[in-house]
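What follows is a single structure, written as structure tokens, with notes after it.
A short reminder: the numbers here are calculations on the coordinates, not readings from a lab. If you're wondering where the values come from, they're calculated on a predicted model, not measured in any experiment. When we count neighbours, we look across all protein chains shown, and the Cβ atoms used for this are built from the backbone with ideal geometry, even at glycine.
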Amino acid sequence: MHGTENPSAWLQRWSHLIAPGSTVLDVACGAGRHMRYLAACGHQVIGVDRNPEAVALAQAFGPVTCADIENGPWPFSGQRFGCVLVTHYLWRALLPTLVDSVAPGGVLIYETFAAGNETVGKPSRPDFLLQAGELLSLTQGLRTVAYEDGFEATPERFVQRIVAVRPALSGAVQRWPLHAT
């Protein structure tokens with residue numbers, strides 16, 4: 001089942017940017033592979049997924065809402081999170097809501113498939129593939145710390161990834177380290 005494999009290398013690389021003890025929202029969390037990882041890092045994790053079987057597994061790592069976020073209301077309306085995490089999921093209509101759900105000082109960690117993936121496997125429908133630079137344009141209100149858009153050989157896939165932070169409300173200069181210390 002999706003969500004039982006190891007956590008994303010992108011998440012592992014950038015999780016140091018999540019403030020200690022933050023509340024993290026894992027969107028389309030599957031069986032909770034990222035919830036498990038982030039809970040072990042000391043974060044409060046919340047998940048959302050529409051698959052009841054996956055939700056039952058993910059609940060071992062924190063509260064999970066079973067909801068169809070594509071056809072129903074956003075279950076976290078008005079809430080902000082220290083991190084919003086999305087991997088291998090794309091519903092364009094929800095992207096502005098996800099960006100808005102990042103709290104001041106919080107981080108968006110997002111990765112999914114990109115155009116070109118139709119040449120090597122699934123997903124292959126344009127609805128599920130980001131266009132060149134799409135994440136950059138959708139996160140203009142945040143500060144981009146890292147961005148990738150390209151092809152990976154193992155496994156073969158085209159991906160687009162971003163780590164973007166919402167500056168804290170204070171006027172202090174913030175530092176977003178490119179590597180964990």
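Which whole-number percent gives the relative contact order of the range 9-165, counting Cα pairs below 8 Å spaced six or more residues apart?
19 percent
Tell me what the chain gives for mean residue ellipticity at 222 nm when only DSSP H runs of n ≥ 4 count, each as -39,500 (n - 2.57), the sum divided by the residue total, rounded to 500 deg cm²/dmol.
That calculation yields -4000 deg cm²/dmol at 222 nm.
Considering only DSSP beta bridges whose two residues both sit in the range 1-97, what percent are antiparallel, to the nearest 5? Display every interim value, and only then the final one.
Values: 0 of 12 bridges.
Antiparallel bridges make up about 0 percent of those DSSP assigns within the range 1-97.
Towards the positive end of the charge dipole of the range 9-165, with charges on Cβ (+1 Lys, Arg; -1 Asp, Glu), say which of VAL99, VAL120, THR154 has the farthest Cα.
VAL99
Comparing THR112, THR139, THR154, which has the greatest mean-square fluctuation in the GNM of the chain with Cα pairs linked when under 10 Å apart?
Checking each option, the largest mean-square fluctuation is seen for THR154.
Among DSSP beta bridges whose residues both lie in the chain, state the antiparallel percentage, nearest 5.
Details: 17 of 36 bridges.
Roughly 45 percent of the beta bridges in the chain run antiparallel, per DSSP.
Provide the per-residue ³J(HN,Hα) series for the range 23-35, in order, calculated from phi with Karplus coefficients 6.51, -1.76, 1.60 and θ = phi - 60°, each as a whole number of Hz, with x at glycine and proline positions.
So the Karplus estimates, Gly and Pro as x, are 8, 10, 9, 9, 8, 6, 6, x, 7, x, 4, 7, 4 Hz.
Going by amide H atoms built from the backbone, whose H comes under 5 Å of the H on VAL48, apart from near neighbours?
Correct list: ASP26, ALA28, CYS29, THR65.
For the chain, modelled as a GNM with alpha-carbon contacts under 10 angstrom, which of ILE18, ILE46, ILE69 fluctuates the most?
Most flexible of the set in this elastic network: ILE69.
Calculate the FRET efficiency for SER124 and ALA67 from the Cβ-Cβ distance with a Förster distance of 30 Å, rounded to the nearest 0.05.
Numbers: r = 26 Å, r/R0 = 0.88.
According to the calculation, E is roughly 0.70.
What relative contact order, as a whole-number percentage, does the range 105-172 give when Cα pairs under 8 Å and 6 or more residues apart are counted?
43 percent
In whole angstrom, how long is each semi-axis of the equivalent ellipsoid of the range 118-181, when you take the square root of 5 times every eigenvalue of its Cα gyration tensor and sort them from largest down? Let's see the in-between values first.
Details: eigenvalues 180, 45, 9 Å².
Square roots of five times the eigenvalues give 30, 15, 7 Å.
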